[in-house]
Each structure stands twice: as structure tokens, then as C-alpha cells.
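Worksheet: the structure to be examined is printed underneath.
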Amino acid sequence: MITKESIEALKNQLDILEVISHYIEVKKMGATYKANCPFHQEKTPSFVINQSKGYYHCFGCGVSGDSITFVMEYEKLGYTEALEKLAQMYNFTLQYTKKIQSREDLRIFDFMNEFYQSKQNAKVLEYIKSRGIDSLMQEKFELGFAPSNNEILIALKEHNMNLQEALNCGILGADNENGVKRYYARLTQRLIFPIRSPQNKIIGFGGRTLDNHPAKYINSPQTKYFNKSQILYGYPQAKEQIYKKEEIIITEGYLDAIMLHQAGFTNAVATLGTALTKEHLPLISKGNPKVIIAYDGDEAGMNAAFKAAILLALAHKEGGVVIFEGGADPADMVKRGEIAFLKALFNAPIPLIDYVLQSIAKKYDLSNPLKKEECLKESLDFLSQLSSVIQEEYRLKLALALKIPAHLIKVKSPKNISKIPTEAQNIPKTLVSSDDFYALSEKIIIKSVLEDSSLFHFVMDFMEASMFISQRRAFEKLLKGELEDSELIGILLDDKIKAQNKEQLKQQMIMILYHHYDEKRVLLSRDERLSLKEKSFLLRKYQHYLETLKKGDLIIYESFGTF
């Protein structure tokens, strides 16, 4: 690990304008610097750089950050790699702690990769050939072979490899016989697939049996370096094309990914014997590509594709699912030379939401009214987690598919409404439509605090997050001190929002507070949880607050439980 002191020293040398100008053309426009955003297509510059504050923000796509964030996103690097890249640019020497991944670990991974490749034999080469893999792909994906347990242990000892480190890396396992630790190789007599991190470092291995072993595939166990739920096989080999094509093809297995690369689909990757999970989303989201699910056409593959489509749809990803008829898989199709057919499938996948709804419909006998009702309920449960716009778009499609009148399909509020504070759920729709009216005042309050931290406690004496409408999330981030949040950076760098002094800020706060307590007063009459006595008490409180605010005075914030 790089020491904190070294990171801070490097940060002090960084000039964000100089860093970004190293990658893209930047122009001075008025008091700020602007550029066409490198993270989305645009003709009019909306990417703003504030040299003094050390931040950038795009008002088009919402990305923001500092010099380190920019290098990470632009070059698709991890945090440590970005620091090392910047240190190289500034001729700065970074200092490391002793907790950095040991060279022994790295040496073991690299040693085993070379060892496995050296152990290929006629049987292995014949199997590779039988699967249709050519020599270029064999070399590109570094295929190898794990021999017997004894051969592996002897090789490790002969080359002075630390067996405990090999255990920590998942290459060896261990058990105890009469109190004596006995090491054994986890992968033996298997075709080997080296597994690399997105940064192209070997972090584990996968093995496929060449015989009839019941466990067809085995991966390295989870270690401090390897978590199969966060890794996609073949990602380093596919990364460049994923960014270039803005598309990623996700398959089920090693051979599918390799064979698709062989056929020219060099943006293909594979999950590692696990379903697609939320942990995969950060990696999938790099470069914001369209996601194509290309799982096997058997029942297990179709079920996995259904779950993946739900995950991706709820994560607002664009993409679709490719269906392989008759239980086929991509590797076999490439081997049979069906490249043109594969290309046609990838060019016209079934959109994610459509695939989910179609899969739900297939589960029910729609000729049975009761089953049709169950299908409708499950479909609406899924759609209710999406935005109202998407729900409305699919309401008519669902009506046509189920052959029922559209008015029977009710658009619901998104299910994640429960994550919104209770008070926000009670705000009437008429209030939501007036958000823009108060948005500027809310942003002015937030920016004033960002510019002058001494105003923080002044604002907190009179306001809390539930009083904000459109900028509630940003205000909550401010309270938590998450000052590098993209929304806060966007407000900070927005020249249209002017920070104000304490007296000016008071007027903005009075306007927000008056609106808040006036709405509380209106909602009070609808609250059936309170007795008449409690309502009368609160009504007098709110009326007193409103009169005080009309006079131009602020009131100390009291929570509902205080009343």
C-alpha cells in the first residue's frame, strides 16, 4: 500500500488543469475552463474545471471528481494505479508500506502460470483442438495443464516457493494428519485457465477436467486477491474493445469467451461459475457499455439469463439477452462456423425488460384466468421497481401480451419509495411539481456552506434534511461530510449558483422553512394517527412558526417527537 503521507504529498503537487489538459483539449471560458466531456458525446462543452478548487464536473452527464478520479476513469485504472500514473507524470517518488501484496505472492502466481503452460501434453493439446480453439487463442488466454499433486508440490519446493503463501493464494489446500499440516494442490489433472484482475494481474486459476470427474469446473477459492463474484474472465483481453464498441458480451464459461474472441467478438467475457451479481456491476459499468447476456440455451442458462436481466434492468443498464435455441452455447456455434448467425443475434438482442416479462409469461398457463392474474401480479411487482416512465411504456405491451384491457394495469409508485424518509412520502403531488421553484434556494444554501464551513452550524440550528425537496440527497451528503460527492461538486462548480453571506443566507432559509411548515400544517388535517388534541397543539405550533418567519426571524428546529 502507498502511505497516506505519500498520497497527500502527491495530491499537493497535482494541478487538475494540467492533469486533464494532458488528456483532452481545454479552453478558458470566462472565469472557468471548459472542454467537451470525454465521458459522453457532446458538441457544446459542459465539462467544467475549477483549477483553484481542484475539481471537475460535467453538467451534461454528471461525472465529477479530482485529478485522481479523472485518471482512474479516463484510463480505466484502479486507485493505486492512478496514483502511480500521476506520480510518473510528476516525477514523484511514492512511498509504500510493508503491507503491499508481497512479491512472493506475485512470484507464485506468475510461476504457476508458467509451470502450468509448460506441462501441456499430447492429451491436453488434443482436447484443446477438439474444442475448436486455435493456437493464437491458446496463447492469448495462456492455457495450461495442472499435472499430479506430487509434481506440483515438488516444483514449488524445488523453486523455493513458500507453501504457506501458496496456500494463501489458493493454489494449495491443507489438512491435518495427526497434528501435522499436509499441503495438497487444489487443481490437478485439469486444463488451466489463468484468471486475471481488471488490472491484468493473475489472481487465481480455473480448471476443467479432461476426464469424467463430477466437478467439471473448479476455480481457485476466495482469497484476499480473488473474489469470483467481482471478476469477469477475459476482461483484460476484452477491455479495450468494450470501451471502443461501448458493448460487453457476458457468457457463462471460459470456453464461450475464448471462442467468441476467436470468432472476432473480442468484447466477450465470462462469469466464473456464478450468477451475475450486484458485485459485478461496478466492473460492468466501466465505460457504461450496452450489456448483452449470452448464456447457454439450456434451462439453467435461461434461468440465469432471467435473473441477470432483472439485475441489469433494475440497475438501469441498457442491453438485452441473446437466446440460443436447442440448448446450444456460443462456443459450439463458433466451432460449427455459425459466425454470421451469432453476429445477427448480437445485433438484435431481446431488450432486458422485454426478456423479463416474456420469461414471466412463459411460467404461466395464460388460458387459465387465475394463472393469468398471477402472471399479471408478478409482472407488475417487477415493473413497480422501475421508473413511472418505464412502467407507462410497458403497460400497453403487457396488456397486449396478456390480452387484457390496458386500464386494468395500474402504474404503481417505484418500490424503493420505502427508502425515502416518511415525511417525503406524505408530500402531495402538487408540491413535487414545484420542486424547481425551491431548487435554487436549496442549492444556494448548500453552496454557501461548501464555500464557508463556518455557516454549517448556523444552518443546522434551523434546518434538517427533510426540509429540502429537490436537493435532499445532496444536503444529506453535506451533513455526512461526503464533500467529493458528484452532486455537491456540481453545485460547487455551478457559476449560476452564488454563495451568500450569513444575512443573505437567512432569507433563503426563511423561504424554505416557511414552505416546509406551511405544508406540515396542510398535511396535519389528513393525519389520522393523531388525536384532535395533538392536532390542535401542532396546528398552534405551526401557525406560530409561520408568523415568526413572516417577521423575518428564524426558528430553532424541533423534531416531531419534541411536540
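Could you work out what % of the accessible surface of the stretch 183-284 is carbon and sulfur, using a 1.4 angstrom probe and leaving DNA, RNA and ligands out of the count?
Of all accessible area on the stretch 183-284, carbon and sulfur atoms account for 45 percent.
For all pairs of alpha-carbon atoms in the chain, what percent lies in each bin of width 10 Å, listed from the first bin to the last filled one?
Bins of 10 Å from zero give 3, 13, 18, 20, 20, 15, 8, 3, 0, 0 percent of pairs.
Any chance you could list P(r) for the stretch 225-301, counting all Cα-Cα pairs in 5 angstrom bins from zero, rounded to whole %?
Each 5 Å bin holds this share of Cα pairs: 3, 17, 29, 28, 17, 5, 1.
Distance cut-off 21 Å, Cα to Cα: go down the list K377/K403; K4/K239; K201/K224 and report the pairs above it.
In this structure, K4/K239 exceed 21 Å between Cα atoms.
Nearest 10 degrees is fine. How inclined is helix 502-524 to the longest principal axis of the chain, computing both from alpha carbons?
The angle comes out at about 90 degrees.
For a quick check: with amide H placed at 1.01 Å from N, whose amide H comes under 5 Å from Y55's, ignoring anything fewer than 5 positions away on the same chain?
N50
Under 4.7 Å Cβ to Cβ, no partner at all: give me those cysteines from the chain, in residue order.
Flagged as lacking a Cys partner: C61, C169, C375.
Taking Cα atoms, how many degrees apart are the long axis of helix 532-550 and the longest axis of the chain, rounded to 10 and kept between 0 and 90?
80
Of all the C-alpha pairs in the stretch 155-293, what % are more than 24 Å from each other?
Tail of the P(r) past 24 Å holds 36 percent of the pairs.
Specify the angular offset, from 0 to 90 degrees and rounded to the nearest 10, of the alpha carbon long axis of helix 79-89 from the longest principal axis of the alpha carbons in the chain.
On a 0 to 90 degree scale, this one is about 90.
Using a 1.4 angstrom probe, figure out how much accessible area the chain has per residue, in square angstrom, rounded to the nearest whole.
52
If contacts are Cα pairs under 8 angstrom and at least 6 residues apart, what is the relative contact order of the stretch 72-190 in percent?
Contact order relative to length: 22 percent.
Taking amide H positions as placed in the peptide plane 1.01 Å from N, state which residues far from I2 in sequence (5 or more) or on other chains have amide H under 5 Å from it.
Counting only residues 5 or more places away or on other chains, the set is T97.
For the stretch 79-210, what is Rg from Cα atoms divided by 2.2 N^0.38 Å, rounded to two decimals?
On the way: Rg = 17.7 Å, N = 132, 2.2 N^0.38 = 14.1 Å.
The stretch 79-210 yields a ratio of 1.26.
Which percent of the accessible area of the stretch 471-549 is formed by carbon and sulfur heavy atoms (probe 1.4 angstrom)?
Carbon and sulfur: 50 percent of the exposed surface of the stretch 471-549.
So what is the relative contact order of the chain, in percent, for Cα pairs below 8 Å that sit 6 or more residues apart?
It rounds to 8 percent for the chain.
Between the stretch 199-226 and the stretch 2-54, what is the C-alpha centre distance in whole Å?
First find each Cα centre; the distance between them is then 41 Å.
Amide H neighbours of I202 under 5 Å, at least 5 residues apart or on other chains, H built in the peptide plane: list them.
Residues meeting the amide H criterion: S197.
Grab every C-alpha pair in the stretch 256-307, bin the distances at 10 angstrom width from 0 up to the longest one, and report whole percents.
Cα pair-distance distribution for the stretch 256-307, in percent: 21, 53, 26, 0.
Of the peptides 258-270, 508-520, how do they stack up when ordered by the mean number of other Cβ atoms within 10 Å, highest first?
Top of the packing list down: 258-270, 508-520.
The values are calculated or read from the model by the stated rules, or taken from the named source; none is laboratory data. These numbers were taken from a predicted model, which means no experiment stands behind them. For neighbour counting, all protein chains shown are included, and Cβ atoms are generated from backbone atoms with ideal geometry for every residue, glycine included. What goes into the accessible areas is simple: the full protein's heavy atoms, side chains included, and nothing from ligands, DNA or RNA. Shrake-Rupley method; radii C 1.70, N 1.55, O 1.52, S 1.80 Å.
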